[in-house]
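Only one structure is covered here, and it is reproduced in the block below.
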Amino acid sequence: MKRKIPLFLLILLCGLAVQAQSKFTVSGTVKDKSTGEAMIGVLLRAAATGGTATGGAYSNEYGFYSITLPEGDYILRADYLGYDTVSTPVSLHQNQRLDVALLEKSTQVEDVIITSEKDDENVTQAQMGVTKLDMREINKVPVLFGERDVLKTMQLLPGVKSTGDGSGGLYVRGGESSQNLILLDEAPVYNAYHLLGFFSTFNSDAIKDVALYKGTAPAQYGGRLSSVIDVKMNEGNNQKYHVSGGIGIIASHLNVEGPIVKDKGSFLITGRRTYADVFLKLSPNPDFKDVKLYFYDVNLKANYAINDKNKLYLSGYLGRDQLGLSAFGINWGNKTATLRWNHLISSKWFSNTSAIYSDYSYEVGISGTSSDFSLTSGIQDFNLKQEFQYFATPKHTLRMGFQAIHHTVTPGQVTLSDTSSFQPPIVQDRSGVESAAFFAGEWAPATRLHVNYGVRVSMFNQLGGGDFYTFDAEGNVTDTTNYAAGKSIQNYINPEPRLSLSYTLGGSSSLKAAYTRNAQYLHMVSNATAANPTDVWVMSSQNVKAEVSDQVSVGYFKNFNDNMFEVSSELYYKQLYNQLDLRNGADIQANEFIEGELVSGIGRAYGLELFFKKKKGAFTGWVSYTLSRTERKIAQINDGNWYKAKQDALHDLSIVGMYDISKRVSVAGTFVYRTGNAVTFPTGKYYVDGQLQYLYTERNGYRMPAYHRMDISVTIEGKPRPKFENSWNFACYNVYGHQNPYSIDFQDDPNDPNKTQVVQTSLFRWVPSITYNFKF
């Protein structure tokens with residue numbers, strides 16, 4: 001008599017049989033064969049030679065990959081645009097270490113642009129609101145003074161808006177410029193601009209990879225509401241020594257790299273300086289003799305492979321600006337350092353441990369008077385981060401870890417000369433610890449469905465010591481309490497879930513949706529219409545709550561004509577809580593009661609982003625358009641009604657075109673148009689003791705004029721020579737000379753005091769530039 005096997009037992013036995021099948025892992029690192037640089041985002045696929053089993057993975061940000069497959073024989077293929085494909089046979093009967101070296105193609109096919117993602121990555125990846133910038137494109141886009149600039153190129157993307165000429169900062173999806181987390185080799189950069197925003201701190205010679213996340217960053221990032229800009233530096237060539245650089249009419253730069261020990265370690269040193277101050281000293285005008293107007297920056301990086309499983313990295317940045325005229329001067333700058341240890345725990349587990357230092361400071365001084373003084377302010381971080389990656393299966397990768405940052409904020413200290421009788425206010429430093437634990441995963445549960453999920457639990461602990469104040473509704477001090485150094489005063493904790501979904505409709509289109517919550521514990525306070533170096537940072541406290549945002553977004557993405565063209569549309573809505581603004585007439589410099597000058601409420605930002613890009617061929621470029629609104633609602637402002645945030649702009653259009661006339665000559669051009677920022681203008685005037693006073697009623701109730709500009713450039717490559725490359729770049733910023741407003745002031749009409757005249761100040765009409773670049 002035959003006995004039937006129960007269904008549940010049959011399922012169990014089948015499951016055991018599947019689990020019993022032997023599986024092994026092939027893992028390793030992917031490098032550029034000619035330089036030894038680790039390569040990010042290389043696609044590795046394993047195809048069985050005698051069956052149908054396949055698997056694939058991308059190399060991570062350190063070039064590491066891991067693929068687990070059933071026992072058998074495979075062909076491992078490594079693909080990266082602009083590089084020759086490498087295919088290697090693998091006999092997978094035990095775990096294997098297989099490093100891959102790719103060689104850049106000696107000839108271009110259809111002028112393919114090298115990029116860190118595959119042709120249809122924008123369609124298939126689950127992550128929304130992310131853009132990986134191509135350094136070759138950045139090098140072609142015309143910018144002010146001919147300097148290649150990562151952050152200036154970002155302003156040409158949908159959802160990203162400049163704060164304006166003469167000001168540093170980006171507005172991303174309606175967020176404040178201080179709500180962007182800018183990282184250089186994992187170190188926060190608090191002011192990422194030189195010369196009041198005309199240059200970014202990032203020297204393109206030192207940069208390998210740039211990723212922009214517009215509010216939907218993975219869980220390993222946190223601490224800001226609007227975006228993450230993750231910049232990674234080159235490691236240096238571990239095969240040969242190279243020197244490259246450029247000489248321009250306003251700035252020059254130099255890059256030196258080479259092996260410390262061939263195949264095991266390398267170094268990179270880049271430097272840059274402007275020299276406008278040198279030319280000013282040659283002027284016959286005596287007022288220009290003592291003018292200080294320059295910046296310098298230095299990037300350094302070194303790495304050394306201890307063995308196949310351990311590698312050390314050390315990177316740093318130092319930059320400083322000097323701006324002075326006669327007795328007035330201001331200087332500001334950043335210092336960062338990152339010590340990182342990569343450790344391969346096993347063929348599936350990867351560890352990264354980082355110790356990070358960051359310091360931003362500025363000083364404003366007046367000399368040559370009886371009351372010489374200087375005002376200093378800044379923020380300093382000590383940061384420890386531990387991260388693990390687990391390559392569970394070819395379709396499922398996990399990431400987890402923790403981070404702790406000790407912040408010290410100097411809101412503003414005044415130092416006077418010994419002859420001054422004035423007693424300066426004493427503004428105490430503030431400190432706190434920001435920490436987080438995170439868990440995230442990338443999962444492909446079905447052929448057409450890709451999921452990115454995660455949660456970040458962030459915490460903030462405000463610490464003593466010193467005097468801490470309690471304020472009433474009008475901002476007046478009602479109580480003072482002294483806390484010892486290190487004493488816990490106020491704690492915040494915020495769970496921050498993230499989820500992104502991508503469903504592929506066919507071979508070339510997809511629908512995506514995402515939700516993200518972010519929390520921010522450091523806040524920048526400014527009484528200007530745009531970010532500037534003297535803005536003040538404050539941290540969350542008993543009086544200043546943590547900022548929180550919830551963002552939802554949906555989008556449609558499509559490629560066509562063999563991935564030559566890319567189109568996308570994204571809708572987003574962001575709800576913001578505990579948004580800060582200043583009381584009317586607030587004073588923020590060297591103010592020990594600055595928390596009393598702040599008021600808070602809610603905000604909202606929403607918009608539509610459209611993007612079209614041609615990625616291949618002699619002519620490439622893109623068009624981006626953003627339709628958006630950004631509003632605030634705070635009880636103490638505009639009678640508690642909704643009002644426009646200063647960064648609100650209804651329309652933002654960018655057009656970028658690049659054309660290769662020949663192998664040695666290329667031209668590029670950009671056109672930008674955007675609605676002017678919201679601004680507060682006076683609605684009346686009156687006199688007190690003969691002094692003119694203006695009356696202000698509605699906050700941000702007016703608009704600056706619309707901003708528009710066109711730039712062009714021509715690049716001519718030198719004749720090919722053995723071991724030497726060179727090129728000339730000719731560019732013009734603001735070709736048709738439109739006078740965009742930098743500021744608008746109101747003053748009495750000198751011919752009729754009863755009338756008021758409006759005076760607009762503009763910085764540039766047109767700015768030509770010539771730059772010579774070389775490499776040997």
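The values are calculated or read from the model by the stated rules, or taken from the named source; none is laboratory data. The model shown is predicted, which means the values in this text are computed figures rather than measured ones. When we count neighbours, we look across all protein chains shown, and the Cβ atoms used for this are built from the backbone with ideal geometry, even at glycine. The area values use the complete protein model at the heavy-atom level, side chains included, leaving out ligands, DNA and RNA. Shrake-Rupley method; radii C 1.70, N 1.55, O 1.52, S 1.80 Å.
What to note about this one:
- Of the residues making up segment 548-571, those that are open to solvent by less than 10 Å² (accessible area, probe 1.4 Å) and closer than 30 Å to residue 596 by Cα are 549, 551.
- Elements of type strands (runs of 3 or more DSSP E) contained in segment 58-102, each with 2 or more residues being open to solvent by 60 Å² or more (accessible area, probe 1.4 Å), in contact (Cβ under 8 Å) with a residue 12 or more places away in the chain and of a type in the set (D, E, K, R): 72-79
- Restricting attention to segment 739-774, the residues that are at pLDDT 85 or above, surrounded by fewer than 16 Cβ atoms within 10 Å (Cβ to Cβ) and not in a strand (DSSP E or B) total 1.
- For segment 690-716, the set of residues classified as touching a Phe, Trp or Tyr at 6+ places or on another chain (Cβ under 6 Å), open to solvent by less than 60 Å² (accessible area, probe 1.4 Å) and β-branched (Val, Ile, Thr) consists of 714 only.
- Taking the conditions (1) over 30 Å from residue 763 (Cα atoms); (2) of a type outside the set (Asp, Glu); (3) part of a strand (DSSP E or B); (4) open to solvent by 40 Å² or more (accessible area, probe 1.4 Å) in turn, residue 719 satisfies each one other than (3).
- When the strands (runs of 3 or more DSSP E) confined to segment 179-240 are screened for residues that are open to solvent by less than 10 Å² (accessible area, probe 1.4 Å) and either without any contact (Cβ under 8 Å) to a residue 40 or more places away in the chain or of a type outside the set (A, V, I, L, M, F, W, C) (or both), those reaching at least 1 such residues are found at 227-233.
- Residue ID - nearest to the chain's Cα centre (by Cα), chosen from residues in segment 659-700 that are charged (D, E, K, R) and in a loop (DSSP other than H, G, I, E, B): 699
- Flag for residue 730 being farther than 27 Å from residue 637 by Cα, touching a residue at least 24 places away in the same chain (Cβ under 8 Å), surrounded by 11 or more Cβ atoms within 10 Å (Cβ to Cβ) and not polar (S, T, N, Q): yes
- Test: residue in segment 553-563 that is in contact (Cβ under 8 Å) with a residue 60 or more places away in the chain, more than 30 Å from residue 505 (Cβ to Cβ) and assigned to a strand (DSSP E or B): no
- Residue check: residue 585 meets all listed conditions (1) of a type outside the set (Ser, Thr, Tyr); (2) modelled with pLDDT of 90 or more; (3) not in a strand (DSSP E or B) but one, namely (2).
- Conditions (1) touching a Ser or Thr at 6+ places or on another chain (Cβ under 8 Å); (2) of a type in the set (Val, Ile, Thr); (3) in a strand (DSSP E or B); number of the one not met by residue 548: (1)
- Listed conditions (1) part of a loop (DSSP other than H, G, I, E, B); (2) charged (D, E, K, R); (3) within 30 Å of residue 471 (Cβ to Cβ) are all met by residue 631, apart from (1).
- Test: residue in segment 509-521 that is at pLDDT below 90 and open to solvent by 10 Å² or more (accessible area, probe 1.4 Å): yes
- Some residue of segment 33-41 being of a type in the set (Lys, Arg), farther than 21 Å from residue 345 by Cα and in a loop (DSSP other than H, G, I, E, B): yes
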